[in-house]
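To keep things clear, I will list the structure first and then write my remarks on it.
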Amino acid sequence: MASETDMTGTSPLNTTAPAVQVLQDATCAAPPIEIDSGPEQEQSLQSVSSNAASKNRFTRDPRIIPGLISTILHTLLLIAFALFTLPLQTKQTFSLRARQTTASPVVHLEQFPQQDDRATTEASLAERPTSITVAPAKPNAITSPLSQPKSSASSPSEMTSSFTIANARDAMESLRRLPSGGGLLGRTSQGRKQFGERFGATAASENAVENALQWLANHQRPNGSWSFNLELDPCNGRCRHSKASSDAATPSTGATGLALLAFLGAGYTHQTGKYDNVVRDGLYYLRTAAADTETGVDWQQGSMYGHGIALMAVAEALYMSRNESNENGDSDLRELATLGKWFTTYAQHPNGSWGYLPGKPGDTTLTGWQVLSLVATRRNGIPLSYSTLPKARDFILSTSPDSQYTFAYQSDRKPDATNTAIGLTMLLYLGKPPSELPMDRALTAMAKRGPLLTNVYHDYYGTLALHHSRHPGWTRWNTQLRDHLVRTQATRGHEAGSWHFKDEYGDVGGRLYTTAMAAMILEVYYRYLPLYAEIEAFPL
């Protein structure tokens, strides 16, 4: 994890110009020269005398010298301003300046360390504050990209060299074609009942959601965070199936973001509902964990998974804080979401993907979380660069070698079921209507294959894709997956309300990851209104 200290390594520039001295001392004049003058020489001397008198008047005119000095100083100032306004280099090396005060050297991205959740254990033992402001005073060490021309949301200078002006119009048109559905207005008591009944929830599935949220609340740490490592959670390892021991970064920002998304999906916010303190403390943790950088705030803690999931949670909490008297929502959450969006934008690789580290080539799974977080940010009226999402769409399409909308982890890999589910969901969010023939065929094939049941990563994205497209295969898919999750939820001991399925993804995140993802699958009926269906929304 990047240490939370001042790591900018910058030093102030000395721009003071040397003093300019103009010496005019009459005693410095040369002694007179005697010349044997003839008529021509006398005339020449008269001319020289006239010129000398003119020069003497020039040097003695009190207006001349100040004018020269002013001209020199203004020239120097113009040069200095020109140097300061030169565009930044496009090489993406971030110097982090975070909120803690422990001394630490500059950390370059190529050697970005991974976070061990134990780093926050001492903070976790602190008593939870009784009164929390979701976001405190403005970041204390940030050079806001909002004040830099390079960071303009509509500025072409934000584009990489691979994204040229020639396709800028297409990118802008792509943004205009993004679906307007998929809102969060079903996340109310009335919405849960109406949309749950309409799209396939049952009393048993709703009870499973509430049990899962209770389990998550019981595993929140005193500092408001969650950890994939259950030994660091309040249960002290009483629950089995913690995250697998591996070198893979499993940031607490990612764990906290996932848990918060599950609470938000059921309509619980930091302002309303029985879990308001739980959500408030989680958002408080994400605020304190946000590292200030030259290009926004960073929730990585060793992996862009952490940043994308945390930003998505902050953006959804912001949207749910809106009401009739405050259409913009919580101002502190808006600032965090805006600055988090800047970091995501700058972390994108030129090929449109996001990798584990900013600016590195990425994959479909990481890119999926960043796209969802940017969609959540955009839903709040926070503008995006017009090239960011179109480039992400192009990357997703590049992983489908046969153009049949089966997708791979990366373009040099073979397509698989999990990445196909992610790719189809991303294309729906990025403007590909489900009625197009390749999309319809791919969605139908996925629905016919059915959920994988032990792979909640695949099933989460597959559920989103079929729900948003209102695909005819939805009822069969939902019945099979919903009843499986209700049937397999733990009911005894400290694990009651949770899930764990042993598979490639479940082992990395463990029981906490599986529980949050399964809860969001069972919330799908009201968590998002369908992207491609006309739904009468509830007023704010």
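Taking the Cα centre of region 333-453 as reference, the dipole from Cβ charges on Lys and Arg (+1) and Asp and Glu (-1) amounts to some 200 debye. For the residue pairs K414/K502; K391/K448; K193/K391; K274/K360, the C-alpha atoms sit more than 32 angstrom apart in K193/K391; K274/K360. Cα centroids of region 182-210 and region 268-343: 24 Å apart.
Listing E335, E316, E327 from fewest to most neighbouring C-beta atoms within 10 Å gives E327, E335, E316.
Contact order for region 344-497, expressed relative to its length and based on alpha carbon pairs under 8 Å spaced 6+ residues apart, stands at 15 percent.
Counting only Cβ charges, +1 for Lys and Arg and -1 for Asp and Glu, the dipole size of region 165-527 around its Cα centre is about 760 debye. Under 5 Å from the amide H of Q348 lie the amide H atoms of G359, each residue being 5 or more positions distant or on a separate chain, with H modelled from the backbone and absent for Pro and chain starts. Each peptide in 379-389, 298-308, 396-406 receives the mean, over its residues, of other Cβ atoms within 10 Å, and ordering these scores from highest gives 298-308, 379-389, 396-406.
Assign one of three labels to region 165-527, namely rounded, prolate or oblate, based on the Cα gyration tensor with a ≥ b ≥ c the square roots of its eigenvalues; rounded applies when a/c is under 1.5, prolate when it is not and a/b is larger than b/c, and oblate otherwise.
Note, shape of region 165-527 comes out rounded.
Residue order for V508, V297, fewest other beta carbons within 10 angstrom first, comes to V508, V297.
Here the contact order of region 165-527, divided by its residue count and restricted to Cα pairs under 8 Å and six or more residues apart, works out to 22 percent.
With contacts taken as Cα pairs under 8 Å and at least 6 residues apart, region 274-332 reaches a relative contact order of 16 percent. Among E436, E231, E294, a tally of other beta-carbon atoms within 10 Å of each Cβ gives an order, fewest to most, of E436, E231, E294.
We did not get these values from a lab; they are worked out from the coordinates using the rules stated. Source: prediction; values computed, not measured. When we count neighbours, we look across all protein chains shown, and the Cβ atoms used for this are built from the backbone with ideal geometry, even at glycine.
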